[in-house]
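These notes are about the structure you will find just below.
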């Protein structure tokens, strides 16, 4: 079974600064997807960014980028120019060959302060 | 396009009762997945339906069941409710596996 580990339960960053959230995973599969989801206080899960394992290039979406290290099974999220609206729980998730079943980490609570 | 809708948004039930939650996917999406979110266990996959067939199931007891209709709307049912079933139940719809869109969730409280 795949496991997803987020070792930082809580993090804090000042507005306009950069923060990196860590995620490691364990799998024996060679082809899979990795995701970062954001869950603000409204509880709506929002897809932030995804990475396909067969792509070596790290995914980027505006202020959000990932550092995908396949051999190390590491998938960190970097948020640049942090904004107050980035305050949320961030979940790292894995999807393997079983398809459509997301396996989530425990989450990192990010607080962006003025 | 309208997003994923879930009804009801909040529900209070008593132990031993049963409950049915509904999820309407984004138009054109044929896959619907269900997740349970609790403070203790986090987010856990329940099951996934595609074209009225359950394709994948998580590690939950048989009290948890679901179905999907021909219009892709899905329902999940929990029978003989336990206190531990109190959770946020999230539904997600997909056109492709790598792009799941979540609904706002149904908050179930079991007393």
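The values are calculated or read from the model by the stated rules, or taken from the named source; none is laboratory data. Keep in mind that this is a model prediction, so the values were computed, not measured. Every residue, glycine among them, receives a Cβ derived from its backbone with ideal geometry; neighbour counts consider all protein chains shown.
Would you call residue A:65 modelled with pLDDT of 95 or more, surrounded by fewer than 20 Cβ atoms within 10 Å (Cβ to Cβ) and within 14 Å of chain B (Cβ to nearest Cβ)?
On the way: modelled with pLDDT of 95 or more: yes; surrounded by fewer than 20 Cβ atoms within 10 Å (Cβ to Cβ): yes; within 14 Å of chain B (Cβ to nearest Cβ): no.
Answer is no for this residue.
In region B:85-102, what count of residues is obtained for those that are more than 8 Å from every other protein chain (Cβ to nearest Cβ) and touching a residue at least 24 places away in the same chain (Cβ under 8 Å)? I'd like the intermediate steps shown before the answer.
First, pick out the residues of region B:85-102 that are more than 8 Å from every other protein chain (Cβ to nearest Cβ): B:85-87, B:89, B:91, B:93, B:95-96.
Retained after the next criterion (residues that are touching a residue at least 24 places away in the same chain (Cβ under 8 Å)): B:85-87, B:89, B:91, B:93, B:95.
Result for region B:85-102: 7.
Those residues that are modelled with pLDDT of 95 or more, out of contact with any helix residue (DSSP H, G or I) (no Cβ under 8 Å at 6 or more places or on another chain) and not in a strand (DSSP E or B), I need them from region B:1-26; list them, please.
Passing the criteria: B:4, B:8, B:9, B:14, B:16, B:17, B:18, B:25, B:26.
Has region A:23-39 got any residue that is more than 14 Å from chain B (Cβ to nearest Cβ), surrounded by fewer than 18 Cβ atoms within 10 Å (Cβ to Cβ) and either within 10 Å of the chain's Cα centre (by Cα) or part of a strand (DSSP E or B) (or both)?
Looking for residues that are more than 14 Å from chain B (Cβ to nearest Cβ), surrounded by fewer than 18 Cβ atoms within 10 Å (Cβ to Cβ) and either within 10 Å of the chain's Cα centre (by Cα) or part of a strand (DSSP E or B) (or both), one finds at least one in region A:23-39, hence yes.
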